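Taken together, the values in this text are just the output of simple stated rules run on the coordinates, not laboratory data. Keep in mind the model is a prediction, meaning the values are calculated, not measured. Quick reminder, even Gly has a Cβ in these numbers, built from the backbone with ideal geometry, and neighbours come from all protein chains shown.
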Amino acid sequence: MYSYFKGILIEIQSGAIVLEVNQIGYHLLTPQKNCERFHGLVGQEIRVHVYLNVKEDSHTLFGFSSSEEKQIFLILLGINGVGPKLALAILSELTTDQLIHAVVGQNIVPLVSVPGVGKKTAERLILELRDTFSKLSIHSDPTSESKAASVSEKLSQEVSMALSSLGYGAVDIRRLLQGISGELTPQSTLEQAITLALRYKGSF
């Protein structure tokens, strides 16, 4: 029904934004990553790709930073047991590239780091999405920047598995990785990353 809205960003909330279009304020649910991406743009005109979810008792608008992100959201909604809330949670934790790489590479570690996604759900996502995602070409060809991101992502996966073997749960692992993400580089070793994680653990 709607493709996108172009208007003034009025407010950023937790998991939502308010966009004014032709003097009408629209409340759009959006992945948390977008709330961070739109930070600093309040009062400015932006374009948001939208999807209207219609139910008997509610009409809910969802907003996305790109048509690709919206496409992935709609694909996720087509999976049995995945509703808008879980789809948003997935896109709040993982970029579209990270999600595609995890599914195509059959790597459940990034998926189980998402709140609400357990091992069985992650395995089902991989099973049902692998063929679809393999055919997608929405992510760009590797550049030096994307290669560096892939190295960092691989290191995060190795740290997740190492921490899991030490007895840490998915919630703690996710929290630790977020805490040290700014200190990880493509040159960081697994030992250095684990040391950082354990040091950070002592702060909470």
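A compact table of results
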| item | result |
| --- | --- |
| Test item: Cα-centred dipole of the range 4-65, Lys/Arg +1 and Asp/Glu -1 on Cβ, debye | 220 debye |
| Inter-site label distance for ASN80 and GLN32 at 7 Å from Cα along Cβ, in nm | 3.0 nm |
| VAL117, VAL48 arranged by Cβ crowding within 10 Å, fewest neighbours leading | VAL117, VAL48 |
| Reported label for calculated Cα Rg over 2.2 N^0.38 Å given (1) 4.32; (2) 0.98; (3) 1.09 | (3) |
| Candidate lysines for bridging to LYS55, where Cα separation is under 16 Å - those fewer than 8 sequence places away on the same chain excluded | LYS85 |
| Gaussian network model of the chain, springs between alpha carbon atoms under 10 Å - residue of VAL54, VAL21, VAL112 with greatest fluctuation | VAL54 |
| Spin-label pair LEU166/VAL18, simplified geometry with 7 Å Cα→Cβ offset, distance in nm | 4.4 nm |
| For HIS27, HIS101, order by how many other beta-carbon atoms lie within 10 Å, fewest first | HIS27, HIS101 |
| Net dipole in debye of the chain [+1 Lys, Arg Cβ; -1 Asp, Glu Cβ; about Cα centre; nearest 20] | 300 debye |
| Linear extension gain, GLU11 paired with LYS119, 0.36 nm per residue minus alpha-carbon span | 35.3 nm |
